[in-house]
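The values are calculated or read from the model by the stated rules, or taken from the named source; none is laboratory data. If you're wondering where the values come from, they're calculated on a predicted model, not measured in any experiment. No Cβ is skipped: glycine too gets one built from the backbone with ideal geometry, and neighbour counts run over all protein chains shown. Each accessible area value is taken on the protein alone, full model and side chains, heavy atoms only, with ligands, DNA and RNA left out. Shrake-Rupley method; radii C 1.70, N 1.55, O 1.52, S 1.80 Å.
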Amino acid sequence: KEAVVSTQSTGKYDLTPLGRVKEHFKIVDKNWMYHIALCGEENLDVGGGTEGDAVVQTGDDGNGTKEIHVIGTEVIARYGGEMWVNLILGSGDTYNNHCNKQPRKAQILFICDPDVGMGVPQLLDEANDDTSYCFYMFEWSTSLVCPENATKKRPMTAGTLLVLELVVIILVYVVLGVAYKRFVLGARGSEQIPNLTMWKNCGEALQNTVDRIKGNNPVTNGSTNHVININTPTRGDDDDDERLIM
């Protein structure tokens, strides 16, 4: 049975795969179980005698009395947006004492999630306070209502996993090293850091490397060092005689 929902923003969403599952979807909520079958042709054999699209509630009323309520057997409205589709199923059994004894309805809100495949439904609430409009609200995260360009979560690469492993190893090394030096050797302050001298040397070497790459030279008080040649030529005796004559 074809079940295609057309939207103005993204075109069509095909929900037909929901009818190809081997068993209908079930939701357990306290004393009740909700059975959902969509886009199929076989009977929903839970006592309601429904066929095709159907939402049926089974359970007991708390006093041991078995009850079956057909919530919806006919899609009376379908609409959607860019990453969601809403189906409204009506023609269910009428309420006994509330909601003006109107037929039960179910709203199933499909929300795009590209990482869950077909997904499973969840019961959100039964809205039966408003006498003019009562319904059962279901939410269904699924990839069936995702646009073709919906991004999937990318798996972590080997490089990312390697970096994470190194970070974890370093953290374990530091924590265990600090604990050992503090509680076994009685170290305090910065002395608790394992191989502190090595880390200082690594930091200095890294700083020197950065300075060489940037081409930095030591500067004092913002002034530039100038080299002045203070060597003067050596004068001989002839020069001394010449100055005496002058």
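Table: residues versus (1) without any contact (Cβ under 8 Å) to a residue 40 or more places away in the chain; (2) open to solvent by less than 80 Å² (accessible area, probe 1.4 Å).
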residue	(1), (2)
79	no, no
144	no, yes
148	yes, no
160	yes, yes
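Applying the criterion of being at positive phi and surrounded by 13 or more Cβ atoms within 10 Å (Cβ to Cβ) to the residues of region 29-52, the residue that is modelled with the highest pLDDT is 39. Per the listing 96, 201, 100, the residue uniquely open to solvent by 80 Å² or more (accessible area, probe 1.4 Å) and either touching a residue at least 60 places away in the same chain (Cβ under 8 Å) or at positive phi (or both) is 100.
The set of residues in region 179-198 being without any contact (Cβ under 8 Å) to a residue 12 or more places away in the chain, outside any helix (DSSP H, G or I) and not hydrophobic (A, V, I, L, M, F, W, C) consists of 186, 188. Within region 117-132, restricting attention to residues that are surrounded by 14 or more Cβ atoms within 10 Å (Cβ to Cβ) and farther than 21 Å from residue 22 by Cα, the residue that is modelled with the highest pLDDT is 123. Within region 8-21, restricting attention to residues that are open to solvent by 20 Å² or more (accessible area, probe 1.4 Å) and assigned to a strand (DSSP E or B), the residue that is modelled with the lowest pLDDT is 11. The lone criterion from (1) over 37 Å from the mean Cα position of the chain (by Cα); (2) at pLDDT 85 or above left unmet by residue 100 is number (2).
Residue 55 meets all of the listed conditions (1) under 15 Å from residue 104 (Cα atoms); (2) modelled with pLDDT of 80 or more; (3) over 34 Å from the mean Cα position of the chain (by Cα); (4) buried (at least 17 other Cβ atoms within 10 Å of the Cβ) but one, namely (3).
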